[in-house]
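Trainee: Okay, handing you the structure first.
The values are calculated or read from the model by the stated rules, or taken from the named source; none is laboratory data. Worth saying up front: this structure is predicted, and the values here are computed from it rather than measured. Don't worry about glycine lacking a Cβ; one is built from the backbone with ideal geometry, like all the others, and counts go over all protein chains shown. Areas reflect the complete protein model, heavy atoms only, side chains present, ligands, DNA and RNA absent. Shrake-Rupley method; radii C 1.70, N 1.55, O 1.52, S 1.80 Å.
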Amino acid sequence: MNGGGSEEAAEAVAAAPVPLEWKFAQVFGERTAGEEVQEVDIISAIEFDRTGDHLATGDRGGRVVLFERTDKRDHGGNRRDLERMDFPIIRHPEFRYKTEFQSHEPEFDYLKSLEIEEKINKIRWCQAANGALFLLSTNDKTIKFWKVHEKKVKKICDMNVDPAKAAGNGPVVGPSIPTSSKPYTANGGCLDKPLGLSNDFSFPLGGVPSLHLPVVLTSSEISLVPRCRRIYAHAHDYHINSISNNSDGETFISADDLRINLWNLEISNQSFNIVDVKPANMEDLTEVITSAEFHPTHCNILAYSSSRGSIRLVDMRQSALCDSHSKLFEEQEVPGSRSFFTEIIASISDIKFAKDGRYILSRDYMTLKLWDINMDSGPVSTFQVHENLRPKLCDLYENDSIFDKFECCLSGDGLRVATGSYSNLFRVFGCSEGSTEATTLEASKNPMRKQVQTPSRPSRSLGTLSHGFRRGADTSGVDTNGNAFDFTTKLLHLAWHPTENSLACAASNSLYMYYA
């Protein structure tokens, strides 16, 4: 039996996918050496659309910037091109700047004496229609629904009268116009004839200015016009941390610390409160909502995470107010491991559903966890991200870095997960059967410069796991170049292309893109 087990393990290792080799693709907004970054330019949200052909970023200045993919070209039917299509063609993914617009402005709540900053917290793409792009953006209090569409530019190309000929008070004289001794006004009228007007009418002595009618032509030039279709406001008492589109294409949710509201895209003055964790006495409050997301295919299911490290799955068919959850996912605390920082580092900062909806990826301060929605006994995989920082938790608490909220993402095929770290580093882990992939990369033009393949035992099949395992741990207090971690440069936001192995990462005000 032992021999058979060894053979199975060897086959699993042999079948494991080869770790990806990441290459630099593009950078937008790259800083020059010594350049000071303005606070308003720091990227605070990033999101691919469903097709992966468009990318949106939001910044702390309330702006939304759109990029579109340019490297997809249709083959013209050439025989050689058609023959090449039998083989996978590795394209260099290329995006270009499309447009940008001011989504939010700073506001002041006079009732609560509270400043509302313009920073974009989340961006979510909606279903495109009639060649127009639609997206939701939110700051702490207000959600906006934007339409971005193309419009042909209209220009004034000519006038119906040459101003030079009508200038002055003298007669309008041309080679084909006979001269006359009759007095003319500046617009060519004759004072002797009232031109069908009543005898009571008289022209002023200085003449009447010529009437110029512009000729408007529609040019072939196209401009992109962003337009705010709806504003969803005054529904949250606390800061909005999440918005998520429903698969039905008609509704979305918004979540703050204590409540989750359900909206219809067409109705901006009404929302339904579907989750409310606010206790009757605020002194009894033990946890807050940190993130929420709809299931990618089931319009009645959503998940939300809490500051105590738990994830609740909610079925909206059960009741109008979904205070009772369908499933609860949380990892049991190891006896004797509790400390002052236990609850702080257990707080989940982000959750994402896998594309098929079977798994949920969560990110807390120390780890990435992968959960199977059919198994609530514990995570199927645990990936160590910041285990090397455990001895420094006191320092991290003093400088507030321990409260940083890192996002996470999954690949479209569900074989890999990624998240950010300090010193502008991000980590990619393989989560398929037998995978030992644990790669550390730097958000720079040479991403593999800080690559680390951490020895770890192969993972087992996700469907057969009964308990999670830990891997990817690094016990050193320095980065892979031997330098101390720079806690001022942090990679909080990143997004995985929905169909390809391509990552977009936000490092301060710079957007880096990589492919494998």
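Trainee: Tell me, what ³J(HN,Hα) does each residue in region 384-391 have, in order and in whole Hz, if you take phi through Karplus 6.51 cos²θ - 1.76 cosθ + 1.60 with θ = phi - 60° and put x for Gly and Pro?
Mentor: Ordered by residue, 3J(HN,Hα) equals 6, 10, 10, 4, 5, 8, 4, x Hz.
Trainee: With a 1.4 Å probe and all protein chains in place, put 284, 41, 372 in order of accessible area, largest first. All intermediate terms of the calculation are to be shown ahead of the outcome.
Mentor: Numbers: 284 100, 41 55, 372 5 Å².
So, going from the largest accessible area down, we get 284, 41, 372.
Trainee: Hey, another quick one. Apply the Kirkwood formula to region 325-373: the hydrodynamic radius equals the inverse of the mean of 1/r over all pairs of different alpha-carbon atoms; give it in Å with one decimal. The partial results should precede the final answer.
Mentor: Values: mean 1/r = 0.0821 Å⁻¹.
Over region 325-373, the inverse of the mean reciprocal pair distance is 12.2 Å.
Trainee: If packing is taken as the mean number of other Cβ atoms within 10 Å per residue, what is the order of 44-54, 408-418, highest first? Intermediate results must be reported in sequence, preceding the final value.
Mentor: Numbers: 44-54: 19.1, 408-418: 21.2.
By packing density, highest mean first, the sequence is 408-418, 44-54.
Trainee: Something else: Around residue 507, which amide H atoms from residues at least 5 apart in sequence, or from another chain, sit under 5 Å from its own amide H, with H modelled in the peptide plane?
Mentor: It is 512, by chain and number.
Trainee: Find the centroid of the Cα atoms in region 362-408 and in region 251-329, then give the distance between the two in whole Å.
Mentor: Computed from Cα coordinates, the inter-centre distance equals 22 Å.
Trainee: Any chance you could tell me what percent of the C-alpha pair distances in region 214-311 go past 22 Å?
Mentor: Within region 214-311, distances greater than 22 Å cover 42 percent of Cα pairs.
Trainee: Quickly rank 224-231, 247-254 as a protection proxy: mean count of other C-beta atoms within 10 Å, highest first. Mind dumping the intermediate values first?
Mentor: Numbers: 224-231: 13.8, 247-254: 17.5.
Most protected by this proxy first, the peptides run 247-254, 224-231.
Trainee: Run down the aspartates and glutamates and flag those whose C-alpha is under 15 Å from the C-alpha of residue 155, throwing out any fewer than 8 positions away in its chain.
Mentor: 221
Trainee: Please list, ordered by chain and number, the residues whose modelled amide H lies under 5 Å from the amide H of residue 273; skip anything fewer than 5 residues away on the same chain.
Mentor: 262
Trainee: How do the peptides 374-382, 439-447 rank, highest first, by the average count of neighbouring beta carbon atoms within 10 Å per residue?
Mentor: Values: 374-382: 18.3, 439-447: 20.6.
By packing density, highest mean first, the sequence is 439-447, 374-382.
Trainee: Continuing with the same structure: With a 1.4 Å probe and all protein chains left in place, how much accessible area per residue does region 263-335 have, in Å²?
Mentor: Details: 3960 Å² over 73 residues.
Here the residues of region 263-335 average 54 Å² of exposed surface.
Trainee: What ³J(HN,Hα) values, in whole Hz, does the Karplus curve 6.51 cos²θ - 1.76 cosθ + 1.60 give for region 260-276 when θ = phi - 60°, with x put for Gly and Pro?
Mentor: Karplus-based 3J(HN,Hα) across region 260-276 equals 10, 10, 10, 10, 9, 4, 8, 10, 9, 9, 8, 9, 10, 7, 10, 9, 9 Hz.
Trainee: Using each residue's phi in region 415-425, evaluate 6.51 cos²θ - 1.76 cosθ + 1.60 at θ = phi - 60° and report the 3J(HN,Hα) Karplus result to the nearest Hz, with x for Gly and Pro.
Mentor: Per-residue couplings from phi come out as 8, 9, 10, 8, 7, x, 8, 8, 6, 6, 9 Hz.
Trainee: Using a/c under 1.5 as the rounded threshold, could you call region 268-315 rounded, prolate or oblate? The axes a ≥ b ≥ c are square roots of the C-alpha gyration tensor eigenvalues, and prolate needs a/b larger than b/c, oblate otherwise.
Mentor: Working: a/c = 2.71, a/b = 1.36, b/c = 1.99.
Judged from the Cα gyration tensor, region 268-315 comes out oblate (a/c at least 1.5, b/c at or above a/b).
Trainee: Quick one: which residues, 5 or more positions from residue 416 or on another chain, have an amide H under 5 Å from its amide H? H modelled 1.01 Å from N in the peptide plane, none for Pro or chain starts.
Mentor: Close amide H contacts, sequence-distant or interchain: 411, 431.
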